[in-house]
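*Asks:* Dropping a structure here in structure tokens format, bear with me for questions.
Just so you know, all these numbers are worked out from the coordinates, no wet-lab data involved. Quick caveat, the model's predicted, so the values are computed rather than measured. Positions of Cβ are backbone-derived with ideal geometry, glycine not excepted, and every protein chain shown enters the neighbour counts.
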Amino acid sequence: MTSLKLHWQILIAMAIGIVIGGLFQYSGTDLSESNTYAFITALGTIFVRLLKMIIVPLIFTSIITGVSGIGDGAKLGRLGVKTLLYYITTSLFAIVIGLTLTNLIQPGIGVNLPTADSFDASKLNTPGSPAEILIRMIPLNPISAAAKGDMLGLIFFAIFLGAAITQLKGEHKSQLTSFFDSLFQAIMRMTEIIIKLAPIGVLGLITKTVATSGFEMFAAVGIYMLTIATGLSIHILVVLPLIFFLLTRVNPIIHFKAMASAMATAFSTSSSSATLPVTMRCVRENAGVSNETSSFVLPMGATVNMDGTALYECAGVIFISQVLGVDLTMTQQFTIVITALLASIGAAGIPSAGLVMIFIVTQAVGFDDADVAIIIGTMLAVDRPLDMFRTMVNITSDSIGAAVIAHSEGEKLYNS
Ligand code: ASP
């Protein structure tokens, strides 16, 4: 099996995970009693812990190396503008798809939600306002931002430090640049070793997902799930490939093949941050994007650019409004578009973060928290499959952004 390409290994592991998880689910095994189950799921947990362990050092060193490697301020500014433009445009496309589909299909009309007492959504932790997302980007203390996994804060500090290093003179500049570069190489080496374990980890993760998901909830909100899945499919199969092709003239299938391992990892972990090491490796080694560009675009993308989440925020809130029987005005719909964009930027790259951020959007259009909490409770119960899918869309968009921007900077991609 080890001679197979990594993405095939991961896909086979997924298939085995589905079978094993299904066996646990249907044999009625008491999961808390089964040692086999505990062992298999521990493999998934260990894999995710390894990935998480490497995220903060990876983001920190890669951004500093990326930014200080770019060197001159003009190029840094140009890359920054291109990156932000790409993030915002693709997220807005995704939001418009979500908006259109939910208005057309109306998945929330006539939904009778099962009582969702067991899901207490009020415990979910949400930022107070859209402005807070922007304020939070500046960490009070960079060490504590790193310790708490506050990625936006960490990214802000790393970009700032990287930019400051480029302005130093003589030995200070060269010493720091080569120190961070060497550290980055070492972290990437660790990353490669961890990624080799992906198939085993994915086996554990998928087994757990399949074994623990109950199916009753899915029936009540089936159309809602289908609407989101359709929107995500349109975005990943039509919009993103089109953008990619128009800007690079390369067949998108080549890019998807290059990203297969990252997409499979995103799907299994539901976490853009945890997938970042794999995304970086695929973008650098399979797509051939330079270290400078990938180190600049990807770590930020994993936290800031979430097309799938943006689509989900918008569609999710319109679904909620339909369940509540509220007709949205044009102004409210516009507010939803803007706050959905901000919420996707503010959402952490971790499982279900997008669902938590929905509160921000519902508050912006003035829904009553108590009513919303019950609906979100149900949405939480069925969130996992949607989360897997939207995370895959999120990192695919990041990777396409890296390729498109690298191409625009004249880099040769895909061994061409
Ligand atoms: N899990 C997603 C991610 O990491 C965020 C979300 O919940 O939408 O990209």
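*Asks:* Which of the listed residues, Val404, Val365, Gly349, is farthest toward the dipole's positive end in the stretch 349-416, when Lys, Arg count +1 and Asp, Glu count -1 at the beta-carbon?
*Replies:* Val404
*Asks:* So what are the ³J(HN,Hα) numbers for the stretch 345-358, from phi and the Karplus equation (6.51, -1.76, 1.60; θ = phi - 60°), rounded to whole Hz, Gly and Pro as x?
*Replies:* Each residue's phi maps through the Karplus curve to give 5, x, 5, 6, x, 10, x, 6, 4, x, 5, 4, 5, 4 Hz.
*Asks:* Here is a follow-up. Label Thr29 and Lys196 with points 7 Å out from Cα along Cα→Cβ: what is the distance between them in nm?
*Replies:* Distance between the two pseudo-spin positions: 2.9 nm.
*Asks:* Along the charge dipole of the stretch 163-283, which of Ile234, Thr265, Ser182 sits closest to the positive end, that is, farthest toward it, with unit charges on the beta carbon of Lys, Arg, Asp and Glu (+1, +1, -1, -1)?
*Replies:* So the residue furthest toward the plus end is Ser182.
*Asks:* If we sort 229-237, 73-81, 11-19 on the protection proxy, mean other Cβ atoms within 10 Å, highest first, what's the order?
*Replies:* Numbers: 229-237: 19.4, 73-81: 14.0, 11-19: 17.3.
Highest to lowest by the protection proxy: 229-237, 11-19, 73-81.
*Asks:* Which ³J(HN,Hα) values, rounded to whole Hz and listed in residue order, are derived for the stretch 63-79 from phi using the Karplus coefficients 6.51, -1.76 and 1.60 in 6.51 cos²θ - 1.76 cosθ + 1.60 with θ = phi - 60°, glycine and proline given as x?
*Replies:* 3J(HN,Hα) across the stretch 63-79, in whole Hz: 5, 4, 5, x, 5, 6, x, 5, x, 7, x, 5, 5, 4, x, 5, 4.
*Asks:* So, one more: For the stretch 269-416, what is the convex hull volume of its Cα atoms per residue in Å³? Write down the numbers at each step before the final one.
*Replies:* Values: hull volume 15.2 nm³, N = 148.
Dividing the Cα hull volume of the stretch 269-416 by its residues yields 103 Å³.
*Asks:* Right, something else. GNM on the chain, C-alpha springs below 10 Å: top fluctuator among Asn35, Asn291, Asn103?
*Replies:* Its mean-square fluctuation being the largest, the pick is Asn35.
*Asks:* Continuing with this model, one more query. For the chain, with only Lys/Arg (+1) and Asp/Glu (-1) charged at the beta-carbon, what is the dipole magnitude about the Cα centre, in debye rounded to 20?
*Replies:* Numbers: 21 positive and 24 negative charges, 271 e Å.
Computed about the Cα centre, the dipole is about 1300 debye.
*Asks:* As a quick test, which of the pairs Lys82/Lys173; Lys75/Lys148; Lys5/Lys82 have an alpha carbon distance above 28 angstrom in this structure?
*Replies:* Values: Lys82/Lys173 26 Å; Lys75/Lys148 32 Å; Lys5/Lys82 33 Å.
Beyond 28 Å: Lys75/Lys148; Lys5/Lys82.
*Asks:* Using the Karplus curve 6.51 cos²θ - 1.76 cosθ + 1.60 with θ = phi - 60°, work out ³J(HN,Hα) for each residue of the stretch 326-334 in order, rounded to whole Hz, and write x for Gly and Pro.
*Replies:* 9, 8, 8, 7, 4, 4, 4, 5, 5
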